[in-house]
Structure formats: C-alpha cells, structure tokens
1. Packing-wise, with mean Cβ within 10 Å as the measure, how do 50-62, 88-100 rank, highest first?
2. Could you provide, to the nearest whole Å², the per residue accessible area of the chain with probe 1.4 Å?
3. Calculated FRET efficiency, K90 and R221, Cβ-Cβ r, R0 45 Å, to nearest 0.05?
4. So what's the back-of-envelope 222 nm ellipticity for the chain, counting only DSSP H runs of four-plus at -39500 (n - 2.57) apiece and dividing by all residues, rounded to 500?
5. Just to confirm the number: angle between the C-alpha axis of helix 91-101 and the first principal axis of the chain, 0 to 90 degrees, nearest 10?
6. Just to check I understand the Karplus step: with θ = phi - 60° and J = 6.51 cos²θ - 1.76 cosθ + 1.60, what whole-Hz values come out for region 51-62, glycine and proline as x?
7. Determine the dipole magnitude for the chain: charges of +1 sit on the beta-carbon of Lys and Arg, -1 on that of Asp and Glu, nothing else is charged, the reference point is the Cα centre, and the result goes in debye to the nearest 20.
8. Enumerate the calculated ³J(HN,Hα) couplings along region 151-168 in order (Karplus 6.51 cos²θ - 1.76 cosθ + 1.60, θ = phi - 60°), each rounded to whole Hz, writing x wherever the residue is Gly or Pro.
Amino acid sequence: MDKLLVANNVSKSFGEFTALNDVSIEVPKGSIFGLLGPNGAGKTTLIRIINQITMPDTGHVLLDGEPLKPHHIENIGYLPEERGLYKSMKVGEQALYLAQLKGLSKAEAKKRLKYWFERLEIGDWWNKKIQELSKGMAQKIQFIVTVLHEPKLLIFDEPFSGFDPINANLIKDEILKLRDDGATVIFSTHRMESVEEMCDHIALINKSNKILDGKLIDIKRQYKSNTFEVGLVTSNKSEVAAIIEDKFEVFPTDFKTINDELQYKIKIPVNAMANDLVTFLTTQGQVTHFAEVVPSASDIFIETVRNN
Ligand code: ADP
Ligand code: MG
C-alpha cells in the first residue's frame, strides 16, 4: 500500500524530558489515521514535528517519499490544538486573509469560503467580529481555513474538543467526506467514539512510546476473545442455565430483547468453533440471539495502556 506520510524513529526531548521516544508511523494514502493516547503522551509533539514547527532530535519524516522541506507546508492543512484568531477582525475578513496566506487568490478564496460558509450553515457570520464567537463557532472557521486550499494531507489536533455533539458530528461527517474525496487525514484524540466511527488505521502512544499500531480491524481481530453473546429461550431455564454454566466460561450480559430468555456472554477456547457452540445451544432451546463480541477501540486503548 502507498504511504503518504512516514515518520521513522522520531525522538524529541525537552531538556531532560523525553516527549517522543523512537516513534515510527506509516500513514497510507487516502486513509484516516488516528493518533491516540492519554494526555501528555506526545501526540501534539509528533504533529508539530510533521508540520515542521518543531525539529526532531533524531529520526526523520517523509511526505510522499521525500524528506520534509519547507515547501511541503502547502500540501498540509493543519488545525492546531491551541487555536487562536485575531479577536478584533471580522470573520470574513480574517478567513480571507488566512486563505490568501495558503496561496489562494482573493477571488478564489472568496468563492471557496462562500461555499464552506453555506455548507456549515454560518453564512450570516461573515460580518461578525471574532470576539463575538463562542469557542465552537471560532473552531468552525478554523476548520474551514484548514481545508480550504484542498491539501492532500489534513492534520487535526483534537478536532472535536470545544464542539457540542451536534457540531462534532457535523465536523466528523465533513472529515469523512474529505477522505472520500481523496484527502489523507491524521487526527489526534483521546476520545474513542470518534475512533470507532472514523479511523482506518491507528497508532497508540503512551508515555512517549508507540505501544500499538496498525489497521483498526486487524487490531480488533488480534484482541478478540472468542466470546459470543447468546440469547436462548427455554421452558426449563434453571436446568439449562446450570448446564451452560458448568460447560462454558460465562459472563453476565444484558441486551434488549422481546423474549424472556437466558442471556450470556460465552467465551469458548481459542481453537473452538462458533458453529459447535451454536449446535450445542440448539439442543438446549431456541437460539434467539447470537453475536460475536467485538472489542471496542476504548477497551483496546484501556487494556493496552494499563498493561504497558
Ligand atoms: P499530548 O498531545 O499527547 O497530550 P504533548 O505532545 O503535547 O502530549 O506533550 C507531551 C509531553 O511533552 C508533555 O509532558 C508536555 O508537557 C511535554 N512538552 C511538550 N512540548 C513541550 C515544550 N515545548 N517544552 C517542554 N515540554 C514540552
Ligand atoms: Mg495534544
């Protein structure tokens, strides 16, 4: 697979403190890559290195196979974690100014800004002063300015912090659309819902070290525990429950249903087959529910960080 961005063995210290220790990532073209980790893990430090704001002590970063150079900044749209706008300027004026800094002509910038302002339903903000905007409102403007010049790589540092759930969802959908239109996206977060919904690939950083990375679906397969959620209708509940609890490793569960049934999470041995479990269950009653328990990104995050 083609990589748009590769970071090789990047380390960075601030005085005695190592903020990144030999971290490597590979971001496939056209993917959404989630940079995950607890607060202080080193995510922003890595993002600032990719944006050439900070230099790594050792290691290097390649964009499309080339070592990073100042001119690459044109190919990157970056929404920093610390977001500042000039308070006294008007929204439209400021957006136009920032867009022109990205190399767009005034006419082109205006055209694209109009499109985005309509799209994010903020057309009537054009003449407002920045200081009149809430944090989330200002962040919408910054999101627009980040994507306006259609860079091939988009980097969002904690894009959802500061947004209410409705606007977070709106921005999520816009990021997915930008990916579908061909952009490659890196975003950092410690919120796992957005990871489930968005990421193709992830890297988990903890205490300056990368402790897990890969395709999210592969990582989920690796962490699966051969556990199945089961619903079973039987006229003889207590007897069947005793048989199941004797035969299998079971955990309580509680899912919504229209039946009065036995409900379990059943863990089967690594080499056992789901079909054999189903076959057995059919000898005990009516199987009304059968689903593999897939580990969530949140479960994986917590387990990996805790074991680290
Ligand atoms: P994250 O984005 O994962 O929350 P950061 O990359 O911002 O973490 O920070 C990682 C660690 O590096 C933190 O302990 C932070 O205090 C430290 N750090 C980051 N930048 C600097 C700096 N310029 N000077 C000193 N320490 C820094
Ligand atoms: Mg950060």
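The values are calculated or read from the model by the stated rules, or taken from the named source; none is laboratory data. Computed from a predicted model, the values in this text were never measured in an experiment. Note that we place each Cβ from the backbone using ideal geometry, even for glycine, and neighbour counts take in every protein chain shown. Quick note on the areas: whole protein, heavy atoms, side chains included, nothing else; ligands and nucleic acids left out. Shrake-Rupley method; radii C 1.70, N 1.55, O 1.52, S 1.80 Å.
1. On the way: 50-62: 16.1, 88-100: 18.0.
Result, highest mean first: 88-100, 50-62.
2. Values: 15910 Å² over 308 residues.
Accessible surface, normalised per residue, equals 52 Å².
3. Numbers: r = 51 Å, r/R0 = 1.14.
Efficiency at R0 = 45 Å is approximately 0.30.
4. Details: 10 runs with 108 residues, N = 308.
So the helix-based figure for the chain works out to -10500 deg cm²/dmol.
5. Rounded to the nearest ten degrees, it is 80.
6. Those phi angles translate into 8, 6, 8, 10, 9, x, 6, 9, x, 8, 10, 10 Hz.
7. Numbers: 37 positive and 42 negative charges, 265 e Å.
Dipole of the chain, to the nearest 20 debye: 1280 debye.
8. Karplus-based 3J(HN,Hα) across region 151-168 equals x, 7, 10, 10, 10, 10, 9, 6, x, 9, 5, x, 9, 6, x, 5, 6, 4 Hz.
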